[in-house]
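**Student:** Quick one: the structure is below, questions incoming.
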Ligand code: DMJ
């Protein structure tokens with residue numbers, strides 16, 4: 001009997017070799033949902049989508065069924081011990097909320113109905129829990145808003161507004177930039193030393209909440225935080241790694257595009273695209289030049305982005321990893337598909353050198369950097385998806401197909417998919433992040449599904465891959 005990894009590999013080879021001619025489904029009846037075009041085939045079970053998309057859907061179901069069986073009502077499934085894992089004292093349903101819109105896109109109606117019931121009947125934010133504002137915003141607030149826009153059940157928006165209200169006290173700092181943690185019940189804040197990603201990746205969710213509820217406070221509060229961060233950029237136009245939101249003083253002046261900064265840049269561009277707000281266009285355009293000037297590095301083979309001092313531009317490091325792989329997607333979305341393509345070639349090298357991408361790679365020596373693991377991250381597949389959709393070049397399906405094959409081969413466990421502790425040994429660790437279902441498998445699915453499944457130009461994905469659309 002062939003193992004799922006082999007079946008997926010075969011399906012991918014067939015599809016890639018055939019140039020994925022099923023891109024436009026000839027019989028797909030299109031149904032407008034606001035600006036989003038979803039095929040009825042996608043909603044009803046996707047029976048005619050490309051074989052590779054079907055295999056991704058099967059992989060999603062495998063992960064979901066593991067969660068359903070062993071971790072129902074909790075945040076995540078620990079896929080090796082088959083135990084539930086909660087981030088805080090009380091579960092906040094990270095996996096179901098993160099996974100819900102993927103189910104709708106994949107046409108998994110029964111699973112979606114099940115998840116919806118759980119969320120609307122059991123999710124309560126009235127918890128004495130100190131939560132990380134960034135993570136809860138991108139996963140839960142983003143997930144609830146996308147669920148509301150796709151499903152139209154007002155219960156999702158009620159939950160989103162309740163969560164938004166409980167997160168707002170985080171912004172009560174002397175600089176208006178948010179503390180990292182806030183207690184959902186008391187509003188008590190903690191952890192003043194934050195970073196650009198955690199401060200600057202709230203706008204799409206708070207902005208959308210403001211537009212959908214008619215309460216401008218959410219938009220204004222998140223925007224002010226971004227502007228306060230932006231105006232503290234260095235004379236060169238770069239931001240550092242950590243900043244104290246009480247004083248506005250940088251604590252670590254290392255600039256880069258990796259974890260802790262990455263989605264700050266992503267949201268400057270996307271906030272402009274989603275809201276048409278010219279302030280974000282200006283901030284994005286002012287920021288991109290310095291990133292390409294001081295952080296891009298072409299001294300070694302290909303194009304990479306490393307670390308530099310935000311004040312002097314001096315090179316500090318040559319680390320690139322799975323989180324940095326978001327940049328080709330953002331560059332492509334901004335219109336620079338040429339640079340995006342060059343960086344994507346490096347991302348692909350990062351995957352093929354080790355069989356699975358490492359969390360950190362030293363591109364000057366092509367050796368493993370600070371962390372050798374793979375956390376089931378989506379960014380490389382996300383970039384493959386954007387580049388494929390924006391250029392039509394089948395190379396990106398080939399790259400994404402090989403990544404998927406590696407994920408199936410090395411991370412699949414009996415009850416789900418497990419992160420890797422080390423990409424060299426492929427040793428698994430007991431974690432299945434909710435973004436596997438929100439992002440990794442969604443982008444993989446969309447890479448191979450008919451283009452009508454979701455019109456990329458009609459939505460803006462938040463950084464957790466929840467599609468938001470402008471209805472205002
Ligand atoms: C996700 O939560 C988001 O994509 C975030 O922007 C970065 N980290 C994970 C995925 O790697």
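**Student:** Which residues, taken from segment 367-392, are under 24 Å from residue 338 (Cβ atoms) and free of Cβ contacts under 8 Å to residues at least 40 places away in the same chain?
**Tutor:** 392
**Student:** Of the residues 234, 241, 253, only one is closer than 28 Å to residue 371 by Cβ and in contact (Cβ under 8 Å) with a residue 60 or more places away in the chain; which?
**Tutor:** Answer to the check: 234.
**Student:** Then there is this: Could you identify the single residue in 270, 223 that is crowded, with 18+ Cβ neighbours inside 10 Å, within 16 Å of the ligand (Cβ to nearest atom) and either part of a loop (DSSP other than H, G, I, E, B) or within 23 Å of the chain's Cα centre (by Cα) (or both)?
**Tutor:** Matching residue, one of 270, 223: 270.
**Student:** Please work out which one of (1) within 16 Å of the ligand (Cβ to nearest atom); (2) part of a loop (DSSP other than H, G, I, E, B); (3) more than 22 Å from residue 337 (Cα to Cα) is the condition residue 436 fails and give its number.
**Tutor:** Result: residue 436 passes all but (2).
**Student:** A further question on this structure: Please enumerate the residues belonging to segment 296-339 that are part of a loop (DSSP other than H, G, I, E, B), more than 30 Å from residue 392 (Cβ to Cβ) and under 25 Å from the mean Cα position of the chain (by Cα).
**Tutor:** Across segment 296-339, the qualifying residues are 306, 318.
**Student:** Still on this structure, I have one more. Given 289, 207, 259, which one is in contact (Cβ under 8 Å) with a residue 24 or more places away in the chain, under 24 Å from the mean Cα position of the chain (by Cα) and part of a loop (DSSP other than H, G, I, E, B)?
**Tutor:** Details: 289 fails: part of a loop (DSSP other than H, G, I, E, B); 207 fails: part of a loop (DSSP other than H, G, I, E, B).
Selected residue: 259, the only one of 289, 207, 259 that is in contact (Cβ under 8 Å) with a residue 24 or more places away in the chain, under 24 Å from the mean Cα position of the chain (by Cα) and part of a loop (DSSP other than H, G, I, E, B).
**Student:** A further question on this structure: Looking at (1) touching a residue at least 60 places away in the same chain (Cβ under 8 Å); (2) in contact with a strand residue (DSSP E or B) (Cβ under 9 Å, 6 or more places away or on another chain), can you tell me which one residue 315 breaks?
**Tutor:** If we test residue 315 against (1) touching a residue at least 60 places away in the same chain (Cβ under 8 Å); (2) in contact with a strand residue (DSSP E or B) (Cβ under 9 Å, 6 or more places away or on another chain), just (1) comes out false.
**Student:** Of the residues 212, 184, 168, 157, which single one is over 30 Å from residue 455 (Cβ atoms), surrounded by fewer than 20 Cβ atoms within 10 Å (Cβ to Cβ) and touching a helix residue (DSSP H, G or I) at 6+ places or on another chain (Cβ under 7 Å)?
**Tutor:** Of the residues listed, the single one that is over 30 Å from residue 455 (Cβ atoms), surrounded by fewer than 20 Cβ atoms within 10 Å (Cβ to Cβ) and touching a helix residue (DSSP H, G or I) at 6+ places or on another chain (Cβ under 7 Å) is 168.
**Student:** Quick one: how many residues across segment 185-212 are more than 16 Å from the ligand (Cβ to nearest atom) and more than 30 Å from residue 155 (Cβ to Cβ)?
**Tutor:** 4
Just so you know, all these numbers are worked out from the coordinates, no wet-lab data involved. As the structure is a prediction and not an experimental result, all values here were calculated from the model. For neighbour counting, all protein chains shown are included, and Cβ atoms are generated from backbone atoms with ideal geometry for every residue, glycine included.
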